[in-house]
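Laboratory data are not the source of any read-out in this text; all were calculated from the coordinates shown. None of these values were measured; they are calculated from a predicted model. Cβ: placed from backbone, ideal geometry, glycine included. Neighbour counts: every protein chain shown.
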Amino acid sequence: MASIDYQELIPNNVELSTDRRLQRALEHWQPRFLNWWTEMGPEGFMASDVYLRTATSVDAKGWAHFGHVKMPEYRWGIFLADREENRTIGFGDEFGKPVWQDVPGEHRAVLRNLIVTQGDTEPASVEQQRLLGQTCPSLYDLRNLFQVNVEEGRHLWAMVYLLHAHFGRDGREQAEELLMRHSGDIDNPRILSTFNEPIDDWLSFFMFTYFTDRDGKFQLKCLAESAFDPLSRTCQFMLTEEAHHMFVGETGIGRIIKRALEVMQETGTDDPETIRKAGAFDLHLIQRYVNFWFSSCLDLFGSEKSSNAASYFASGVKGRPDEARYEDHIVADSIFELEIPDGNGKAAIEAVPMRNAMNEVVRQAYIKDCMVGLTRWNRLIKKAGFDFEITLPSERFRRSIGPWANMTMEPTGKLISAEEYERRKGEFLPTEADRAFVKSQMKAVMEPGKVAGWIAPPDRGINSQPVDYEYVHVH
Ligand SMILES: [Fe+2]
Ligand SMILES: [Fe+2]
């Protein structure tokens, strides 16, 4: 089961050739996908040979193949993790019953919407990043961008397969729509608003892969617990790809900080102006980008109290990340103590049925995971001898949904007046000047081994290749 058939027009490990109807439907979708990729994918690099990895099997060691390919020739395919015999539903009211190999009628609409929403983010991010390659800080980074992009394209394949295989005509129509909506399109935008903002500088790209892809990781973790087994197995394999995206984000931001520290040591100051004159990004600016990206990603988990989340959990459609680590999988009568504003500038506790607080449970797991990189970055700063700490803002800061939505506060969570917030916004969030400075540093560096001045070179290359390897043959 684990081996992938690359002889087929559509590489797969789902024995696609045994289902002619499905195979034909997907082969019909394939050229449309390729049209979308060439029109909306990385602009200016379709003819370049890129050192990409391709899955050769779906187990953890399955990333065996690396080689130069032109992106439109990448072997996008359908890969599901191996089926676990006798798997049972791991949570909710159906706990312990056999998982579903087909979609139960009563959960059809909900599952379809979850799959479409997840599927929509995948091509959206490719579209958001389509111009980035033209300002890459190195060939190493250019290759990583493209690796992320082709894998997001494959994640679209993963969701389209589920729609085609399990949702009939409606699913096929939804699969078409996934190629018709476009990031930032006024008439037909992507579903989630975060995915309609262009990502046109590399600091934002690294923030996106650190914070937004990590949201993706947690959504996939919840869906990997699903009672709908094909969805679960699809998401399990996607998670192995997602790990690399977060590596790109964490090491990208880490290298930017490292470069800032080098300049701080050379100049003997942490004065932002001096750091910028030397062509690096000061730590205050990086902190403002962290505040911006972290706070916008928190909203992606949905409202703190949610009856939808409760019914997803009850029905077995969507679980908690790493469900196995919990003791109570039914969660029928436990309580979540949710902090809500008390109207006097403080927090009060509201007891919420745990099932209704599932979005918050997932968000808390996400926040904890976000700390991993910060701890590493702060170690770098401390080791360089500077007294500065990158912090995550309060989870109430700059929220658009939930009980703390639209309240004005410092990143620490301290409530302040709307006037004070407006006046001090530039301390908290990237300013026009910050963005303009970041943009001004975005100039392509495409000589093997050379790296832009605002970022340190990577510690090591890809797949044991040297750092100065020609990861992309730019034509
Ligand atoms: Fe993805
Ligand atoms: Fe991703």
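As a footprinting exposure proxy, order LEU429, LEU26 by other Cβ within 10 Å, with the fewest listed first. Show your work: numbers first, answer last.
On the way: LEU429 17, LEU26 24.
Ascending number of Cβ neighbours within 10 Å: LEU429, LEU26.
7 Å from Cα along Cα→Cβ at both ASP170 and ARG460: what's the point-to-point distance in nm?
4.9
Separation between the GLU273 and ILE416 pseudo-spin-labels, each 7 Å from Cα along Cα→Cβ, expressed in nm?
Reported label-point gap for GLU273 and ILE416 is 2.2 nm.
Once you list every other residue whose beta carbon is under 11 Å from the beta carbon of LEU131, what net charge do they have if Lys and Arg are +1 and Asp and Glu are -1?
Working: positive: ARG130; negative: GLU43, GLU127, ASP200, ASP201.
Once all neighbours under 11 Å are counted, the net charge is -3.
Rounded to whole Å, give me the distance from the Cα center of region 25-60 to that of region 271-320.
29
Limiting things to C-alpha atoms, what are the Rg and the maximum Cα-Cα separation (Dmax) for region 264-407, in angstroms?
Radius of gyration, then largest Cα-Cα span, for region 264-407: 19.5, 60 Å.
Which is the longest part of the chain that has none of the GluC sites (Glu not before Pro) sitting in a DSSP loop with at most 11 other Cβ atoms within 10 Å?
Excluding the exposed sites themselves, the longest stretch runs over 86-326.
Pick out, in residue order, every one of the trypsin sites (Lys or Arg not before Pro) in region 298-388 that is DSSP loop and has at most 14 other C-beta atoms within 10 Å; say none if there are none.
Here the trypsin sites (Lys or Arg not before Pro) that fit, given the DSSP loop and packing criteria, are LYS346.
Going by a ≥ b ≥ c, the root eigenvalues of the Cα gyration tensor, does the chain fall in the rounded group (a/c under 1.5), the prolate group (a/b larger than b/c) or the oblate group?
On the way: a/c = 1.87, a/b = 1.13, b/c = 1.65.
Since a/c reaches 1.5 but b/c is at least a/b, the shape of the chain is classed as oblate.
Considering the zone a paramagnetic label at MET446 would reach in this model (a point 7 Å from Cα along the Cα-to-Cβ line), which residues of region 130-157 have amide N under 20 Å from it?
The answer is 130-150.
Which of the trypsin sites (Lys or Arg not before Pro) across region 9-67 are loop residues per DSSP, with 15 or fewer other Cβ within 10 Å?
Values: sites: ARG20, ARG21, ARG24, ARG32, ARG53, LYS61; in loops: LYS61.
Counting only loop positions with at most 15 other Cβ atoms within 10 Å, the trypsin sites (Lys or Arg not before Pro) in region 9-67 are LYS61.
Shape of region 114-194 from its Cα gyration tensor (a ≥ b ≥ c, root eigenvalues): rounded if a/c is under 1.5, otherwise prolate when a/b > b/c, or oblate?
Values: a/c = 3.31, a/b = 1.76, b/c = 1.88.
The shape class here is oblate.
Using 0.36 nm times the number of residues separating PHE66 and ASP328, minus their current alpha carbon distance, what extension gain do you get?
Values: separation 262, 0.36 × 262 = 94.32 nm, distance 4.29 nm.
Fully extending the segment from PHE66 to ASP328 adds 90.0 nm.
Roughly what % antiparallel, to the nearest 5, for the DSSP beta bridges in the chain? It would help to have the intermediate numbers written out before the result.
Values: 19 of 21 bridges.
Just about 90 percent of them are antiparallel.
In debye, nearest 20: dipole of region 16-473 around its Cα centre with unit charges on the Cβ of K, R (+) and D, E (-)? Present the calculation step by step, with values, prior to reporting the outcome.
Working: 54 positive and 69 negative charges, 124 e Å.
With Lys and Arg at +1 and Asp and Glu at -1, about 600 debye.
With a Cα-only, solvent-free Debye model of region 5-63, what are the log10 I(q)/I(0) values at q = 0.22 Å⁻¹?
Scattering profile of region 5-63, log10 relative to I(0): -1.05.
What chymotrypsin sites (Phe, Trp or Tyr not before Pro) in region 1-77 are in a loop by DSSP, with at most 14 other Cβ atoms within 10 Å of the Cβ?
On the way: sites: TYR6, TRP29, PHE33, TRP36, TRP37, PHE45, TYR51, TRP63, PHE66, TYR74, TRP76; in loops: TYR6, PHE45, TRP63, TYR74, TRP76.
Qualifying residues, ordered by number: TYR6.
Length gain on complete extension for the stretch ALA405 to LEU380, per 0.36 nm per residue less the alpha carbon to alpha carbon distance? Intermediate results must be reported in sequence, preceding the final value.
Details: separation 25, 0.36 × 25 = 9.00 nm, distance 3.41 nm.
Full extension from ALA405 to LEU380 adds 5.6 nm.
Classify region 323-435 as rounded, prolate or oblate, taking a ≥ b ≥ c as the square roots of the eigenvalues of its Cα gyration tensor: rounded when a/c is under 1.5, otherwise prolate if a/b is larger than b/c and oblate if not.
Details: a/c = 2.73, a/b = 1.31, b/c = 2.09.
Oblate shape, in that a/c is at least 1.5 and b/c is the bigger or equal ratio.
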